[in-house]
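Okay, structure first, notes after.
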Amino acid sequence: MAGSLTAASVGEDVIVAGWVGKRRDHGGLIFVDLRDGTGIVQCTFDPEDSRDAFVLAERIRPEWVVKLEGTVRRRPAGTDNPNMATGEVEIIVRSAEVLNTAETPPFEIEAGIDTDELTRLRWRYLDIRRPEVREALVLRDRVTQRFRKALEHRGFVEVETPILTKSTPEGARDFIVPSRLNPGKFYALPQSPQLFKQLLMIGGMERYYQIARCFRDEDLRADRQPEFTQVDIEMSFVGQEDVLAMTEGVMHEVMREAGHDLVTPLPRITYGEAMERFGTDRPDTRFGLELVDVAAVFASSEFKVFAGALSSGGASKGICAKGAGDWSRGRIDALNQVALDAGAKGLAWVAVTSDGDVKSPIAKFFTEDEMSALRAALGVDDGDLALMVADARPVANEVLGVIRLRLADELEVERHGFCALWVVDFPMFTWDDEEERWTATHHPFTLPFLDDIDALDERPGELLAHTYDLVINGYEIAGGTLRIHDPELQLRVLNRLGLSTEEAKAQFGFLLDALGFGAPPHGGIAFGLDRLVMLLAGAHSIRDVIAFPKTSSGSDPMTQAPDAVSPRQLKDVHLRVD
RNA sequence: GGGGGUGUAGCUCAGCUGGUUAGAGCGCUGGCCUGUCAAGCCAGAGGUCGCGGGUUCGAGCCCCGUCACUCCCGCCA
């Protein structure tokens, strides 16, 4: 009500209820900004209109809850406030009632405050009164509703899956819940509905979705919370193209809801290409700064470090930092440190000043021809800085991927709008040095490329899988796979991951059994709803789009969770705590 | 688990090379004020300098430890 009053409402008698914002007391005249869910309107207390209301207005304080009755009036000439939606009008208050008083809030309830997040979270319900937080939650609702609408329209059925479920190996650390009725046994909270959606396909649901809460007991980040929300989707009797087309259609509608036009079909690149060009599997394609293979330049050069890396099967890659040719040595050294931290042995560089002078610790190893070849390969003009890494191919790519993002910041590269793309064909397995075994790149239920299935045993590192990640502005917004529907193949994959047949049956027996009862071919995708809304809201953390998020140590400053429980509770669930 | 940053009034911050009684703006309280909207003017209250230890004649400042928040790496199939 409050925020929707305009000149068209002039003359109307209205009742508004809400919170007191700013109060401006002129002695003989008092203005109160009244805020409700719709916005803010100025309410004017004049003793000539109502003595009682005026006397009350002298007492009220910020964040008191009041109900005001009065008439909407055009503001006197010259007193309009063009900065507020209701700035042409005001309510002349005839009667006022205090519904509740309030403590002085620990921070001001208004847009654009610069208060520490801990303070905001401790009084999150006050923070939620502020417009940015409110708008983020409203946006989240609109996005969620649009997902529902778009999916229902396409024949999907929303099904709830268990929150109390079974811990399985592979993947993230589970949150576990002790069972009172089963001493010594535990439920696990789902990392995602994963297996249940497959079981729904086997159950003949054919098209399932769920706005699903997921739980992972891992360390937090700006874009990672211990509980988060997926829009989880699965379809039967489909191939990859069907899933991608469905996803693009739904995304188009969702983006439209948020006021953006997503041009489809989206570009696609393979995982391999993403790594070669951007040094990451989730490239931010709002800018170039792509990685270039400079092996041809270094193969025969006198620069032993690079030539050596190449001859031992590695790669040498480079990136051209436009306009960085005049950077100080210190600034380049800082980049070198970034490269070292990212795992490089060093960062080679050639700076060409805007006067055309070449400065480089490695220039002495190059002939004039080689130097021009390097500049041509990377597109280095006067005033540019070339950065090169030679190492095992994955290392060289990843290091330059990190450098690329750093350069985008340093060079203040323009990054606006939304650049979405598919990254497809991830490897089925990734070698884990620490555990000395193959792990599933996406998950163990991913369908590998069947035309190369011999690689499963012979060359597991080369086997690709039917996978697709939707990446926007460097964030993985959705990811999915076609699933294995053959129990024999599923068992082979689990074996390949180091699970014996007995272990596989103990952990995933219900899935293997189910696959044996006529599982249809199926595949799907899951969106990270929090991240998507964060991007759409222009926020920098998913905490900004979650009503009651946790701090980076996983605690809630408002409820004080997690907290100790009583000895009785522990005894009930057969637990002892040190 | 590791690295960086931060921690001083309710909020945001300043506080010099270690030196008297720790300051400012906003907010809050009281007073004045009939057209403000970051209202204005006057007055006032408000401090475990995150916590613990150490060095020193003397610590907000230096040292050690610790806690919290935050960003990143590891981790997140």
Listed highest first by mean packing, meaning other Cβ atoms within 10 Å per residue, what order do A:261-271, A:559-569 come in?
A:261-271, A:559-569
Simple spin-label estimate for A:T439/A:L262, 7 Å along Cα→Cβ, in nm, reads 2.9
When only C-alpha pairs under 8 Å and at least 6 residues apart count, what is the relative contact order of chain A, in percent?
14
Can you tell me which aspartates and glutamates have their Cα less than 19 Å from the Cα of A:K304? Leave out same-chain residues fewer than eight positions away.
A:D293, A:E368, A:D369, A:E370, A:D391
How many angstrom lie between the Cα centre of the stretch A:230-278 and the Cα centre of the stretch A:11-26?
47
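Is chain A best put as rounded, prolate or oblate by its Cα gyration tensor, with a ≥ b ≥ c the root eigenvalues, rounded for a/c under 1.5, and otherwise prolate when a/b is larger than b/c, oblate when not?
Numbers: a/c = 2.25, a/b = 1.40, b/c = 1.61.
Oblate shape, in that a/c is at least 1.5 and b/c is the bigger or equal ratio.
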Quick one: net charge of A:V297's neighbours, Cβ under 15 Å, K/R +1, D/E -1?
-2
Compute the separation of the alpha-carbon centres of the stretch A:460-528 and the stretch A:371-445 and state it in Å as a whole number.
27
Theoretical gain in end-to-end length, A:N81 to A:V98 [0.36 nm per residue, Cα-Cα removed]
3.5 nm
For the stretch A:22-87, listing GluC sites (Glu not before Pro) in a DSSP loop whose Cβ sees at most 16 other Cβ atoms within 10 Å gives A:E48
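Under the classification rounded if a/c is under 1.5, otherwise prolate if a/b is larger than b/c and oblate if not, where does the stretch A:236-349 fall, given a ≥ b ≥ c as square roots of the Cα gyration tensor eigenvalues?
Numbers: a/c = 3.35, a/b = 1.92, b/c = 1.74.
It comes out prolate by the Cα gyration axes.
Kindly point out which whole DSSP H helices in chain A project their C-alpha atoms 20 angstrom or further along the helix axis while averaging a Kyte-Doolittle hydropathy of 0.5 or above. All intermediate terms of the calculation are to be shown ahead of the outcome.
Values: long enough: A:131-153 (32 Å, -0.83); A:240-257 (26 Å, -0.33); A:393-410 (25 Å, 0.14).
Counting only whole DSSP H runs, no helix qualifies.
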In the stretch A:460-546, the chymotrypsin sites (Phe, Trp or Tyr not before Pro) that sit in a DSSP loop and have at most 15 other Cβ atoms within 10 Å of their own Cβ are A:F517
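If r is the Cβ-Cβ distance from A:D409 to A:E12 and R0 is 56 Å, what FRET efficiency results, to the nearest 0.05?
On the way: r = 52 Å, r/R0 = 0.93.
Taking R0 as 56 Å, the efficiency between A:D409 and A:E12 is 0.60.
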Within a Cβ distance under 14 Å of A:V89, other residues only, what is the Lys/Arg minus Asp/Glu net charge?
-3
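In the stretch A:82-124, which GluC sites (Glu not before Pro) are in a loop and have at most 12 other Cβ atoms within 10 Å, using DSSP for the loop call? Kindly include the intermediate steps, with their values, before the conclusion.
On the way: sites: A:E88, A:E90, A:E97, A:E103, A:E108, A:E110, A:E117; in loops: A:E88, A:E103, A:E108, A:E110.
Counting only loop positions with at most 12 other Cβ atoms within 10 Å, the GluC sites (Glu not before Pro) in the stretch A:82-124 are A:E103.
Strictly greater than 22 Å: what percent of every Cα pair in the stretch A:36-162 meets that? Could the numbers behind the result be given before it?
Details: 4574 of 8001 pairs.
Every Cα pair in the stretch A:36-162 considered, those over 22 Å come to 57 percent.
For chain A, what does the helix formula give at 222 nm: sum of -39500 (n - 2.57) over DSSP H segments with n ≥ 4, over the residue count, nearest 500 deg cm²/dmol? Before the final figure, lay out each step's value.
Values: 17 runs with 175 residues, N = 578.
My calculation for chain A gives -9000 deg cm²/dmol from helical runs alone.
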Rounded to the nearest Å, the spacing of the alpha-carbon centers of the stretch A:335-369 and the stretch A:114-185 is 47
log10 I(q)/I(0), Debye, Cα-only the stretch A:124-187, no solvent, q = 0.22, 0.27 Å⁻¹?
-0.87, -1.05
Descending packing, highest mean Cβ count within 10 Å first, for A:481-487, A:158-164 is A:481-487, A:158-164
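Please give the FRET efficiency for A:N182 paired with A:T430, using the beta carbon to beta carbon distance and R0 = 35 Å, rounded to the nearest 0.05. Intermediate results must be reported in sequence, preceding the final value.
Details: r = 35 Å, r/R0 = 1.01.
That pair, A:N182 with A:T430, gives E of 0.50.
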Give me the lysines in straight-line cross-link reach of A:K505: C-alpha distance below 18 Å, same-chain residues under 8 apart excluded.
A:K166
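Only the coordinates and a few stated rules stand behind these numbers; no lab work does. Source: prediction; values computed, not measured. Glycine also receives a Cβ, built like all others from the backbone with ideal geometry; neighbour counts cover every protein chain displayed.
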